[in-house]
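The values are calculated or read from the model by the stated rules, or taken from the named source; none is laboratory data. Please read these numbers as outputs of a predicted model, since none were measured by experiment. Heads up, the Cβs are rebuilt from the backbone with ideal geometry, glycines too, and the neighbour counts pull from every protein chain shown.
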Ligand code: V55
Ligand code: FE
């Protein structure tokens, strides 16, 4: 029996949809650039069965992968559930057998020992393969044309960690990937596994290090010379998990840590820097300049996730869940174990966004992300009572000049993560910015396309879906040829 009636989040725009979609030639408005030949692949979570616990993290919902395939000015849309061992086991049993986010002690006995990952975070194309990633499991390979799940992939047995990050980084000059996984020595374990993988998909180096305390280590930054590992605030332990709690809690008494590991070095060579508590989830980019490492990242003031509750039982503080574009500078020639920090823009931003990945390990000028422009209208009569709570704009932030140019999505719209598509042969930031908007007035989704150098002109085209698109955590543009599209 499938019964969503007791689930709090089962109503409204983000109510679970259990179907898999195919739209062969989508309705569009404006113009769809004919230069675009590839696919915008998105991944997110959708509950196929309701969670066992109503206060579980949305991050525990089933992976659902979708793709907007662009060719000759036409677009087709497709979406499929990621058929993880967990999804298949639930489908066979006809219900949710898995408990809280990353806590196997809360699972039904029938599924003890089964891979728990839902593969719901990042789609990633690398070495001719499309992978669905989540930080508590191995990659799942996906057929780029059918979106069928092929199976788990550990780089031919050469990637030796049990977990693979949702945010591997690819060196824009060498094509080499850096991937890692935390809790590599078991549940709530303090070891991180790091691997270097060449552009053909061969693991060429790996190592391990231990962390000052076990925390979410969701993203890293990569320079020509260094790997930067930020973490802060979230905590876990065997005791906590055995007590049947959700994997992470937030501890306001902790400091932030950022580890810097020279590329190709052994884990013991990691150098830890310490700073005031922040919620450090995603990064934009970083560079090494002489003895300095400089990173730009959208860090929050405090706990971003209300479902990872504070360990001191204090209520979640919405005012601290604000992200700012920050620049952190580390001086490797100094013995000082802190960093300097500046906020580059006064406007709070979404902590996910895009850069021109062709220049990932170089000095960069532009960061693209969503934010809420409170001066723009929201149509409450048509879109509901959401004013001030929608991501109504994309911005291009010039981190050198401190300038921002923005694009308004519409008066009943809220945007998911922005994706940058480079123009072939173009300079940094030359290309298109695309992303999916929820249109609350019409209860359906639109894909917006803008010229990344002319955001203020607004979208040049839209792809109109006749339903609410599958949810998205992250998305990626994959050029035809990078993967063998039909
Ligand atoms: C994040 C997302 C996750 C997860 C842990 O955005 C952290 C951060 C969608 O899954 O499992
Ligand atoms: Fe992420």
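Scanning the stretch 138-160 for residues being part of a loop (DSSP other than H, G, I, E, B), more than 16 Å from ligand 1 (Cβ to nearest atom) and touching a strand residue (DSSP E or B) at 6+ places or on another chain (Cβ under 7 Å) gives a total of 9. You will find that of 61, 67, 76, the residue that is over 29 Å from residue 214 (Cα atoms), surrounded by 18 or more Cβ atoms within 10 Å (Cβ to Cβ) and touching a residue at least 40 places away in the same chain (Cβ under 8 Å) is 67 and no other.
Scanning the stretch 1-24 for residues that are loosely packed, with under 13 Cβ neighbours inside 10 Å, in contact with a strand residue (DSSP E or B) (Cβ under 7 Å, 6 or more places away or on another chain) and in a loop (DSSP other than H, G, I, E, B) returns a single hit, 24.
The single residue among 306, 262, 230 that is at pLDDT 95 or above, within 14 Å of ligand 1 (Cβ to nearest atom) and over 21 Å from residue 183 (Cβ atoms) turns out to be 306. The set of residues in the stretch 465-486 that are over 25 Å from residue 62 (Cα atoms) and assigned to a strand (DSSP E or B) comprises 479, 480.
Would you check if residue 441 is more than 25 Å from residue 359 (Cα to Cα), in contact with a helix residue (DSSP H, G or I) (Cβ under 6 Å, 6 or more places away or on another chain) and surrounded by fewer than 16 Cβ atoms within 10 Å (Cβ to Cβ)?
Values: more than 25 Å from residue 359 (Cα to Cα): yes; in contact with a helix residue (DSSP H, G or I) (Cβ under 6 Å, 6 or more places away or on another chain): yes; surrounded by fewer than 16 Cβ atoms within 10 Å (Cβ to Cβ): yes.
Here the answer is yes, as residue 441 does meet what is asked.
Among the residues of the stretch 313-321, none qualifies, meaning not one is within 23 Å of the chain's Cα centre (by Cα), under 28 Å from residue 478 (Cα atoms) and without any contact (Cβ under 8 Å) to a residue 60 or more places away in the chain. Determine if the stretch 330-352 includes at least one residue that is at pLDDT below 95, within 19 Å of residue 231 (Cα to Cα) and not in a loop (DSSP other than H, G, I, E, B). Scanning the stretch 330-352 turns up no residue that is at pLDDT below 95, within 19 Å of residue 231 (Cα to Cα) and not in a loop (DSSP other than H, G, I, E, B).
Is there a residue in the stretch 101-111 that is on the phi > 0 side of the Ramachandran plot, within 16 Å of ligand 1 (Cβ to nearest atom), in contact (Cβ under 8 Å) with a residue 60 or more places away in the chain and within 24 Å of the chain's Cα centre (by Cα)? Steps first, answer last, please.
The first filter runs over the stretch 101-111 and keeps only residues on the phi > 0 side of the Ramachandran plot, leaving 102.
Pick out the ones that are also within 16 Å of ligand 1 (Cβ to nearest atom) and you get 102.
Subset that is in contact (Cβ under 8 Å) with a residue 60 or more places away in the chain: 102.
Pick out the ones that are also within 24 Å of the chain's Cα centre (by Cα) and you get 102.
So far as the stretch 101-111 goes, yes, one or more of its residues are on the phi > 0 side of the Ramachandran plot, within 16 Å of ligand 1 (Cβ to nearest atom), in contact (Cβ under 8 Å) with a residue 60 or more places away in the chain and within 24 Å of the chain's Cα centre (by Cα).
Annotation: residue 241 fulfils all but one of (1) free of Cβ contacts under 8 Å to residues at least 40 places away in the same chain; (2) over 21 Å from the mean Cα position of the chain (by Cα); (3) not in a loop (DSSP other than H, G, I, E, B); the unmet one is (1).
Scanning the stretch 278-294 for residues being closer than 14 Å to residue 325 by Cβ, more than 14 Å from ligand 1 (Cβ to nearest atom) and surrounded by 21 or more Cβ atoms within 10 Å (Cβ to Cβ) gives a total of 4.
Looking only at residues of the stretch 205-219 that are over 18 Å from residue 249 (Cα atoms) and more than 16 Å from ligand 2 (Cβ to nearest atom), we find that the one that is surrounded by the most Cβ atoms within 10 Å (Cβ to Cβ) is 209.
Being crowded, with 16+ Cβ neighbours inside 10 Å and within 16 Å of ligand 2 (Cβ to nearest atom) holds for only one residue in 147, 133, and it is 133. Close contacts from the stretch 1-22, counting a first residue that is within 10 Å of residue 50 (Cβ to Cβ) and a second that is not in a loop (DSSP other than H, G, I, E, B), with Cβ to Cβ under 7 Å and a gap of 6+ residues or different chains, come to 4/10; 16/10; 16/46.
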